[in-house]
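For reference, the structure discussed in these notes is given below.
The values are calculated or read from the model by the stated rules, or taken from the named source; none is laboratory data. Because the structure is predicted, anything quoted here is derived from the model rather than measured. Please note: Cβ atoms are built from the backbone with ideal geometry, for glycine as well, and neighbour counts cover all protein chains shown. We work out accessible area using only protein heavy atoms, side chains counted, and drop any ligands, DNA or RNA first. Shrake-Rupley method; radii C 1.70, N 1.55, O 1.52, S 1.80 Å.
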Amino acid sequence: MHEIKLGSYKGLKLPPVSMFSEDDLNLGAREAVKKLANQWAKNNMPAVYGDEVVIGLRAECDNMFVPELSNSNLKFTLGDPSVLEAFSQIINHKAGDDLVLSVTFPEGFTVERMGGKTVTFQIAIHEVNHRLPVELSDEIARQINPEVSGIDELQANLRKIISENWLQKIKEERIRSMIDAIASGSEYTLDQKELQEVLDILNAQSQKELFSSGNPQNLEALMSGDNRMFEAKNMALAEKTLVEELILTEIARLENIDISPEEIQEAKSFFLKTSPDKTQFSQLFPNDEFLGDYLFREKIIHALWKWNDCDIYGKSDYERIFTLQ
């Protein structure tokens, strides 16, 4: 069983947090627009001389597959003299396009059996990486996001998203600072059996992520049974997870904080009204118990937010849901 003797949790002396400026937001929005424009160009603008392309290439001769001249992921620059001149026909085509080229190879060609023969290349264009950045226009902005009128509105929307994301990150860092400060002034013991259960779950997740990463070093370590690279990190995370749960539960007990069925229903209405993705809501909160656990934590965090003068960082999530003042 976990035990805790809680330290101070009101009026904490927390480290300062660096806020972002208007200039930071404007720069972030401009960079985001450039990134979106370049991604749009990769998928929609035709290739020109000097662009780098990635193609799938299947070669056939006399109705027979020619593996020596085939490549599922060939990357080259249009205009490169070391590449067959016939491939310059890719110019004016874009990602997703297919084309067929016929090339007659001279006698004495490197692949001897192809000398003097005509080879048919079936080409699928996978990527076009443009050498020059795209010149963004209102029309392109509307193609990137059909709901905007032009570049200015696209940038304004991105600026708002960036601001919200940065503010959320600052809030998460502030919450972590509060929990760490409370933990440093508290005395507690953790149930080792429950700690091991949490650690086992985290280790299993790490193994799954490492296997799916395809990193040869990760795979080699996993196959050898050497789990040290993530077990130490996961142990620290498991301890933090349990300590946070212990602290918040004890604060709730001391301050008589609870979640009522009415609050759960009100929050459910809020989420379903504000979120267009009902499926995602069901995945996050498959039943009222999951939603209640989430609200319980947010209500405690909201109280800590108020007790430790964190209002300058915006509304807490609990406050946002229930539109408190």
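Once the range 130-140 is narrowed to residues that are open to solvent by less than 90 Å² (accessible area, probe 1.4 Å) and touching a residue at least 24 places away in the same chain (Cβ under 8 Å), the residue that is farthest from His93 (Cα to Cα) is Leu136.
Scanning the range 126-161 for residues that are assigned to a helix (DSSP H, G or I) and under 12 Å from Ala41 (Cβ atoms) yields Ile140, Gln143, Ile144.
Can you name every residue in the range 171-188 that is more than 19 Å from Pro16 (Cα to Cα) and at pLDDT below 90? Answer for the range 171-188, where residues must be more than 19 Å from Pro16 (Cα to Cα) and at pLDDT below 90: just Tyr188. Scanning the range 77-99 for residues that are open to solvent by 80 Å² or more (accessible area, probe 1.4 Å), closer than 13 Å to Ile55 by Cβ and either in contact with a Phe, Trp or Tyr (Cβ under 7 Å, 6 or more places away or on another chain) or not in a strand (DSSP E or B) (or both) yields a total of 1.
Residues satisfying the criterion are absent from the range 105-113 (criterion: out of contact with any helix residue (DSSP H, G or I) (no Cβ under 9 Å at 6 or more places or on another chain), touching a residue at least 12 places away in the same chain (Cβ under 8 Å) and open to solvent by less than 70 Å² (accessible area, probe 1.4 Å)). Filtered by the rule that a residue be out of contact with any helix residue (DSSP H, G or I) (no Cβ under 9 Å at 6 or more places or on another chain) and among the aliphatic types (A, V, I, L, M), the range 115-131 gives a lone residue, Ala124. If you go through the range 145-190 and keep only what is touching a strand residue (DSSP E or B) at 6+ places or on another chain (Cβ under 9 Å) and open to solvent by 50 Å² or more (accessible area, probe 1.4 Å), you end up with Glu187, Tyr188, Thr189. Could you tell me which of the residues Glu231, Glu239, Glu209, Glu194 is open to solvent by less than 90 Å² (accessible area, probe 1.4 Å), at pLDDT 65 or above, within 25 Å of the chain's Cα centre (by Cα) and of a type in the set (D, E, K, R)? That would be Glu231, the only listed residue that is open to solvent by less than 90 Å² (accessible area, probe 1.4 Å), at pLDDT 65 or above, within 25 Å of the chain's Cα centre (by Cα) and of a type in the set (D, E, K, R).
Quick grid of which residues meet (1) in contact with a Leu (Cβ under 7 Å, 6 or more places away or on another chain); (2) farther than 30 Å from Glu139 by Cβ; (3) surrounded by 14 or more Cβ atoms within 10 Å (Cβ to Cβ):
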residue	(1), (2), (3)
His2	yes, yes, yes
Gly7	no, yes, yes
Leu25	no, no, yes
Ala41	no, no, yes
Pro46	no, no, yes
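For the range 261-301, the set of residues classified as open to solvent by less than 40 Å² (accessible area, probe 1.4 Å) and under 14 Å from Tyr318 (Cβ atoms) consists of Glu263, Ile264, Ala267, Phe271, Leu291, Gly292, Leu295, Glu298, Ile300, Ile301, listed by residue number.
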